[in-house]
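**Student:** To start, I am sharing the structure in question, which I have written as structure tokens.
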Amino acid sequence: MNQRTSLVTGASSGIGLDLTRTLLARGDHVVALSRRANARGALEASPRLCVLDVDVADAAAVEHAVARAVELFGALDLVVNNAGIFLARPFTDYTPADLAALVATNLVGFVNVTQAALRRMAPRGSGHIVNIGTSLAQQPIAGVPSALPILIKGGIEAATRSLAIEYAARGVRVNTVAAGIIDTPLHAGGDKRALATLSPAQRIGRAEEISAAVLYLDSAEFVSGEILHVDGGAHAGKW
Ligand SMILES: NC(=O)c1ccc[n+]([C@@H]2O[C@H](COP(=O)([O-])OP(=O)(O)OC[C@H]3O[C@@H](n4cnc5c(N)ncnc54)[C@H](OP(=O)(O)O)[C@@H]3O)[C@@H](O)[C@H]2O)c1
């Protein structure tokens, strides 16, 4: 595969951090975004890495970051919509502030980044967008009530198929990795033994396993509109 330019949102922690390192190891140029990406200092400097402090809910900042990626590295081949927050609550306990936060990062962020990417990819006739979703969208768990984040992540699964069809003839693919419970700071303070029971594989997943799925999808040029579950089989049934 030729050297590619990738953009990862939510790159300062967890899945996005591992993915950024994995893409750099593949030889990509990478633009890594998060609200406090530079202050967190998680990413090692590289001439092939540009780290930008961007809130994905800010359309102008996202547009600037995507323009910067193209200006610096010449093109944009892969965009990973990974930035996200997760709030598990009984449905009637969600507050207006919870709703606003989930919509801003998980929905508006997805729209801002995807629009800015597609505006570059479609005229060029190539590109790939991967969204990081959750297997809870297809297989809810009684002990993890989370209908509001699922409303948005499930919608992004539908949009994955819709955009895959809308952009196929212009050479752009759109896929989603639906993750099971993955060991990241999102679960800081969580009981890992209890979390392990949420997969039939009886363990939580590793960020590298999500990165591997993104690399697979990026190499699979005839795959688009796919929801690839990486959850130890959780989406498949009951256990
Ligand atoms: N871990 C899991 O079990 C799991 C399971 C299914 C799906 N997922 C999904 O995987 C994605 C990554 O999760 P994770 O576990 O790696 O979480 P994480 O460790 O908490 O990392 C979240 C990342 O998103 C960034 N971020 C949050 N809000 C942002 C915003 N408005 N604009 C830009 N960046 C923002 C954070 O950095 P800043 O604070 O610097 O902005 C951080 O880099 C999320 O979409 C999540 O829903 C995770």
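**Student:** When only residues in region 5-49 that are assigned to a loop (DSSP other than H, G, I, E, B) and surrounded by 22 or more Cβ atoms within 10 Å (Cβ to Cβ) count, which is farthest from the ligand (Cβ to nearest atom)?
**Tutor:** Step by step, filter region 5-49, then rank; the result is D28.
**Student:** Inspect all residues belonging to region 182-197 and state whether any of them is within 15 Å of the chain's Cα centre (by Cα), surrounded by 17 or more Cβ atoms within 10 Å (Cβ to Cβ), in contact (Cβ under 8 Å) with a residue 40 or more places away in the chain and under 16 Å from G232 (Cα atoms).
**Tutor:** yes
**Student:** Another question about this same structure. Name, by its number, the condition in (1) surrounded by 13 or more Cβ atoms within 10 Å (Cβ to Cβ); (2) in contact (Cβ under 8 Å) with a residue 24 or more places away in the chain that does not hold for A101.
**Tutor:** (2)
**Student:** Also, I was wondering about something else. When you look at T95, is it on the phi < 0 side of the Ramachandran plot and buried (at least 19 other Cβ atoms within 10 Å of the Cβ), yes or no?
**Tutor:** Spelling it out, it is not the case that T95 is on the phi < 0 side of the Ramachandran plot and buried (at least 19 other Cβ atoms within 10 Å of the Cβ).
**Student:** Yes or no: A158 more than 12 Å from the ligand (Cβ to nearest atom), part of a helix (DSSP H, G or I) and either among the hydrophobic types (A, V, I, L, M, F, W, C) or surrounded by fewer than 22 Cβ atoms within 10 Å (Cβ to Cβ) (or both)?
**Tutor:** yes
**Student:** Then there's this: Within region 122-143, take every residue that is surrounded by fewer than 24 Cβ atoms within 10 Å (Cβ to Cβ) and within 21 Å of V62 (Cβ to Cβ) and give me the one that is nearest to the ligand (Cβ to nearest atom). If you could, list the steps in order and put the result at the bottom.
**Tutor:** Keep residues of region 122-143 that are surrounded by fewer than 24 Cβ atoms within 10 Å (Cβ to Cβ), which gives 122-127, 137-143.
Right, trim to within 21 Å of V62 (Cβ to Cβ) and you get 122-124, 126-127.
Details: A122: 24, P123: 26, R124: 25, S126: 25, G127: 20 Å.
The selected residue is G127.
**Student:** Looking at D55, is it among the acidic types (D, E), at pLDDT 95 or above and surrounded by 20 or more Cβ atoms within 10 Å (Cβ to Cβ)?
**Tutor:** no
The values are calculated or read from the model by the stated rules, or taken from the named source; none is laboratory data. This is a predicted model, so every value here is computed, not measured. Every residue, glycine as well, gets a Cβ built from its backbone with ideal geometry; the counts of neighbours run over all protein chains shown.
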